[in-house]
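What follows is calculated from the coordinates using simple rules that are stated; it is not laboratory data. Since the model is a prediction, treat every value here as computed from it, not as a measurement. For neighbour counting, all protein chains shown are included, and Cβ atoms are generated from backbone atoms with ideal geometry for every residue, glycine included.
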């Protein structure tokens with residue numbers, strides 16, 4: 001499988017147009033830069049920062065107050081892209097890149113965004129329930145949730161659940177187990193962010209739970225994120241009608257339609273089909289390949305050797 005492994009790593013780069021990891025990093029970084037710029041404008045105009053919090057941040061942070069949440073339902077999504085401090089966004093980008101890259105390499109390009117969103121939503125749910133239903137955690141209606149902590153926790157736990165035996169820096173005495181990096185992340189996260197704030201700690205715990213459950217369901221053949229891509233493709237087709245003709249399955253682009261083959265034939269190994277299968281792995285993961293496609297890549301690898 002040397003061809004497959006080499007192709008997956010060569011194609012999964014941050015500069016790739018359809019790389020989910022790239023877009024998540026861009027979204028977090030862009031919103032941070034815009035918020036900093038707006039804050040500078042408020043400071044230069046001698047406007048009290050309380051107005052900045054009321055007029056800007058209140059539209060992005062998720063409030064604990066149920067009545068406010070009903071009037072700002074979009075904050076269930078926007079809160080997970082909202083950061084205030086430079087070290088917060090740097091930490092988010094670095095951890096997102098570290099675990100997101102591994103998750104992409106193991107499961108394909110399609111699962112990163114659903115796990116991120118599910119993690120953030122689960123964190124928001126745990127945060128809202130804990131602040132409103134547990135009296136000892138009800139620290140006031142002004143409490144808000146922001147940052148990618150729960151979403152990141154979902155990606156970290158999902159990656160570790162998917163490949164507990166994955167090793168980093170294999171040239172160093174066999175490598176470092178992935179769970180060590182996961183433990184470092186959890187310790188830093190709870191020591192710097194969640195410590196002293198039980199609702200936030202529970203929010204991150206909710207993100208961890210959804211990351212674990214997502215992978216367990218995926219291993220059973222249930223992809224909770226499939227509907228997102230189906231919806232995205234339908235919306236994209238409305239604005240790009242010609243795209244549906246370009247995205248035909250590989251079988252339709254390279255072979256005649258037939259209910260059965262008149263005789264058994266092994267398809268010729270072409271670079272075009274190798275590239276198509278590698279693209280399919282990038283998008284859907286290696287498990288999405290049929291047995292014939294796996295055999296084809298194996299023969300391509302042996303021929304290259």
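The distance linking the stretch 118-135 with the stretch 166-195 is 26 Å (Cα centroid to Cα centroid, whole angstrom). The simple Förster model, with R0 at 51 Å and r as the Cβ-Cβ distance, assigns residue 299 and residue 55 a FRET efficiency of 0.25.
Can you sort 33, 193 from fewest to most other Cβ atoms within 10 Å of each residue's own Cβ?
33, 193
The calculated FRET efficiency for the pair residue 187 and residue 78, based on their C-beta separation and a Förster distance of 22 Å, comes to about 0.20. Take the Cα of residue 198, step 7 Å toward its Cβ, do the same at residue 275, and the gap between the two points is 5.8 nm. With a Förster radius of 25 Å applied to the C-beta separation of residue 290 and residue 230, the computed FRET efficiency comes to 0.75. Just check the stretch 18-226 against the gyration tensor rule for me: Cα atoms, a ≥ b ≥ c as the square roots of the eigenvalues, rounded for a/c under 1.5, and otherwise prolate or oblate depending on whether a/b exceeds b/c. Note, shape of the stretch 18-226 comes out prolate. Kirkwood's formula applied to the C-alpha pairs of the stretch 59-173 gives a hydrodynamic radius of 15.4 angstrom.
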